[in-house]
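Right, one structure below, let's go through it.
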DNA sequence: ATGCAGATTGATACAAGATAACATTCAGCA
DNA sequence: TGCTGAATGTTATCTTGTATCAATCTGCAT
Ligand SMILES: [Zn+2]
Ligand SMILES: [Zn+2]
Ligand SMILES: [Zn+2]
Ligand SMILES: [Zn+2]
């Protein structure tokens with residue numbers, strides 16, 4: 001467990017995003033192989049579209065992007081790919097936006113905690129285990145057994161506060 | 001600040017729900033009056049429908065309920081009432097369910113933290129200021145200015161674990 | 001090689017959730 | 001009484017997500 005709770009997001013403008021994507025792709029390959037599942041071309045394409053930036057993407061926007069390279073894709077095409085990627089822990093859904101974003105640390109099971117900049121749209125993914133522990137403790141106090149967490153914080157990133 | 005972080009939810013089966021509702025209604029009247037806004041019959045009806053249980057209600061279910069007493073209500077009718085009630089802090093939206101629930105403590109501004117039982121559907125609303133502080137601290141560490149929180153925890157309530 | 005079973009994708013239709021735009025009615029007040 | 005802005009009615013449309021069944025592909029046993 002790292003002391004740095006930030007998993008991805010709000011990187012400097014000059015960061016090597018190609019490297020981000022390459023890493024994410026190889027991690028995805030690895031995760032799928034380990035799970036005995038197939039990282040098919042379609043799933044890979046959707047995954048790459050999601051990683052085209054550190055901003056969440058909406059399902060129908062993915063669909064429109066897909067339409068550029070595939071013949072008349074239909075909604076189930078993209079939703080099935082998204083379901084698969086979420087199952088595999090490669091992608092998170094942001095419930096407050098109805099949008100999807102690539103996970104910055106697949107392999108380790110987690111729900112993710114997100115900081116969403118309402119101005120530029122960039123999302124940071126955090127993992128603060130103390131936060132999760134605190135939630136678990138609160139739940140346990142009233143006999144509630146946690147299975148899933150949705151933690152999405154909206155606001156302004158540093159850049160967008162000044163400009 | 002109370003030491004008890006639970007605001008509502010998971011009450012005993014015999015709890016006096018009529019009292020819950022009466023309290024919620026008088027609080028709502030008070031809040032609206034204080035804000036100089038009108039708690040109209042329509043808004044009141046929607047509010048009462050939301051308080052018919054401690055479970056979240058979907059907009060189109062509200063619409064169906066409304067249809068029993070009103071003449072062919074349309075979606076904007078219920079969405080406008082919901083918008084008003086949310087603005088006034090009387091109702092929360094649960095993003096992970098696309099559903100709405102009455103706030104257990106209006107008057108005091110907060111976003112709410114929710115425990116959602118995936119079996120019985122009952123929702124508890126908590127307010128753990130330490131949790132909010134921790135989130136704020138994490139955000140501040142990376143220069144993020146928080147304006148809104150969505151915290152929704154899914155799992156099993158005590159009753160539903162045993163039965 | 002051939003054929004089969006399960007997984008994946010294609011295709012059509014529809015359900016569910018939410019909003020835009022404009023018309024009408026209502027409450028409060030000059 | 002008549003005006004004004006708030007509230008509600010009405011119609012249409014947009015966004016988001018599923019159900020269902022057909023076609024294709026993959027890996028494997030024969
Ligand atoms: Zn990057
Ligand atoms: Zn993640
Ligand atoms: Zn009650
Ligand atoms: Zn509340």
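For this structure, a couple of remarks:
- Of residues in region B:21-41 being within 13 Å of DNA strand C (Cβ to nearest atom) and assigned to a helix (DSSP H, G or I), the one nearest to the other protein chains (Cβ to nearest Cβ): B:32
- Residue within region A:31-40 that is in contact with a strand residue (DSSP E or B) (Cβ under 8 Å, 6 or more places away or on another chain) and in contact (Cβ under 8 Å) with a residue 12 or more places away in the chain present: no
Let's see how each residue does on (1) outside any loop (DSSP other than H, G, I, E, B); (2) within 16 Å of ligand 4 (Cβ to nearest atom); (3) free of Cβ contacts under 8 Å to residues at least 40 places away in the same chain; (4) in contact with a helix residue (DSSP H, G or I) (Cβ under 7 Å, 6 or more places away or on another chain):
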position	(1), (2), (3), (4)
A:43	yes, no, no, yes
A:46	yes, no, yes, yes
A:70	no, no, yes, no
A:76	yes, no, yes, no
A:81	yes, no, yes, yes
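- Scanning region B:97-115 for residues that are out of contact with any helix residue (DSSP H, G or I) (no Cβ under 7 Å at 6 or more places or on another chain) and under 16 Å from residue A:152 (Cα atoms) gives B:97, B:98, B:110, B:111, B:112, B:114.
Each row is one residue, and each column tells you yes or no for (1) closer than 21 Å to residue A:125 by Cα; (2) within 15 Å of ligand 2 (Cβ to nearest atom).
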position	(1), (2)
A:18	yes, no
A:23	yes, yes
A:28	yes, yes
A:76	no, no
A:81	no, no
A:85	yes, yes
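- All told, residue A:89 meets the bar of being touching a residue at least 12 places away in the same chain (Cβ under 8 Å), surrounded by fewer than 22 Cβ atoms within 10 Å (Cβ to Cβ) and either touching a helix residue (DSSP H, G or I) at 6+ places or on another chain (Cβ under 6 Å) or assigned to a loop (DSSP other than H, G, I, E, B) (or both).
- Scanning region B:148-163 for residues that are within 7 Å of another protein chain (Cβ to nearest Cβ) and closer than 21 Å to residue B:101 by Cα turns up B:148, B:149, B:150, B:151, B:152, B:153, B:154, B:155, B:156, B:157, B:158.
- In region A:133-154, the residues that are out of contact with any strand residue (DSSP E or B) (no Cβ under 7 Å at 6 or more places or on another chain) and more than 14 Å from residue B:127 (Cα to Cα): A:133, A:140, A:143
- Qualifying residue in region A:121-134 (condition: within 14 Å of chain B (Cβ to nearest Cβ), under 16 Å from residue B:148 (Cβ atoms) and more than 16 Å from ligand 2 (Cβ to nearest atom)): yes
- Near pairs, Cβ below 8 angstrom, 6+ apart or cross-chain, from region A:5-30 (farther than 20 Å from residue A:111 by Cα) to any residue that is part of a strand (DSSP E or B): A:20/A:8
- Note on region A:98-134: residues that are assigned to a loop (DSSP other than H, G, I, E, B) and surrounded by fewer than 21 Cβ atoms within 10 Å (Cβ to Cβ) total 15.
Every number here is computed from the coordinates shown, using simple stated rules; none is lab data. Predicted model, so just to flag it, every value in this text is computed and none were measured. Backbone-built Cβ (ideal geometry, glycine too); neighbour counts: all protein chains shown.
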